[in-house]
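*Asks:* Take a look at the following structure, please.
The values are calculated or read from the model by the stated rules, or taken from the named source; none is laboratory data. All of these numbers come straight from a predicted model, not from anything done at the bench. Note that we place each Cβ from the backbone using ideal geometry, even for glycine, and neighbour counts take in every protein chain shown. Accessible surface areas use protein heavy atoms only, side chains included; no ligands, DNA or RNA. Shrake-Rupley method; radii C 1.70, N 1.55, O 1.52, S 1.80 Å.
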Amino acid sequence: MMHNFLSNNRSELIERCRLRVVARSSFTHASERLETGIALFLDQLIVTLRVEQGSDPLTSRAISGPSLGSNDASEMGASAGQYANKLQLLDVSIEEVVHHYGDLCQVIMALARERDVPFLVDEYQTLNRCLDNAIAKAVMEFAYQRGNADRSAQGKQDREDTAALVHELRNALSSATLAFEAAKKGNLNLNGATGTVLQRGLDSLRNLINRSLDELKGETDKGLSSEKFQLAGFIQDVAHAATLAAHVRDVAFTALPIEQGLAVWADRDELYSAVTNLVQNGFKFTKPNTEVELVAYAAGDRILIEVRDHCGGLPPGSVATMFQPFTQQSKDKSGLGMGLSITKGIIESFDGNLTVTNRPGVGCIFTINLPRHSI
């Protein structure tokens, strides 16, 4: 009988399955899981065959499940689902899992031929039913887990996109509000620098809202808004807004003079947002009675824009995580922890990179590195 044959040759069947997997693929890291899963299926198959040779054969369905692809619960189905889930965590594909069950069927047939052991037609049918049910459950589990992973990844991306939009809207509104308050308190003419900051804040709000509407309609093309513009004028615009914010924060701010003729190629509004994020970050962390500096200069074929603060230096291990979304390095949790992540993404979209240099006991320097152009 087949169940006697399987019991007597259990170890050899499992070993032959393992060798087939190793010969076919590189999943040697999953060999322990494979042996456990196949061994459990084999044991359940043996019990099923024994029960079906007894006085109440239908009770075997609780172990191996019914035929005709039913989704009824069974021990074998539950085990196959768990087996598939564990292999998926090891990056083993569903195709490979199906092959595992096929391997077992083939090694059973091959060893039976070698030993000249005949099987009954009913035993073949039971073997096929058990394989069908196990494979079906494994495929269903793979599909379920993959769907969960996809939904989780999409949900995470949606949260990051929403947080980024909220962050940028708040920054634009903050700049406009600061400029308006400064003009109101000082009875200033809005045709000057303060008016320029106010106008830029309102323009940013309008552009962010329009961009969000375009994204909802699927009409965005970020590449069309890039242009070449002069670095000196750009830094001056950033400095106007930063000066207002520094006054509110009671922090000293300095923007060093920029060499004329230097230019960058980017979306001006997005780069403005990126540099402003770094300056605001400097204001947030720099110590009282210290200074935040904004410096921009050429280095070979690159443009470097640096924001230098006096935060006292970075905590151990913080450099590795500080550019990740929703990461906050201080007790001040007023923000979303999105500023540095947004800034990094903006800079990289313009073929640049963003790095941070720690100055223990002093502060840190955030450096934007972009391709150099000239005007």
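*Asks:* Given the alpha-carbon gyration tensor of segment 246-293, what are the semi-axes of its equivalent ellipsoid in whole angstrom, ordered largest first, with each equal to the square root of 5 times an eigenvalue?
*Replies:* 24, 14, 7
*Asks:* Pull up all non-local amide H partners of residue 362: gap of 5 or more, or a different chain, and H-to-H distance under 5 Å with H placed in the peptide plane.
*Replies:* Amide H neighbours of residue 362: 312, 313.
*Asks:* Which order do peptides 39-52, 112-125, 249-262, 286-299 fall in by mean Cβ count within 10 Å, highest first?
*Replies:* The packing order, highest mean first, is 39-52, 286-299, 249-262, 112-125.
*Asks:* Now for a separate question. Put 373, 99 in order of accessible area, largest first, 1.4 Å probe: what do you get?
*Replies:* The residues order as 99, 373, largest area first.
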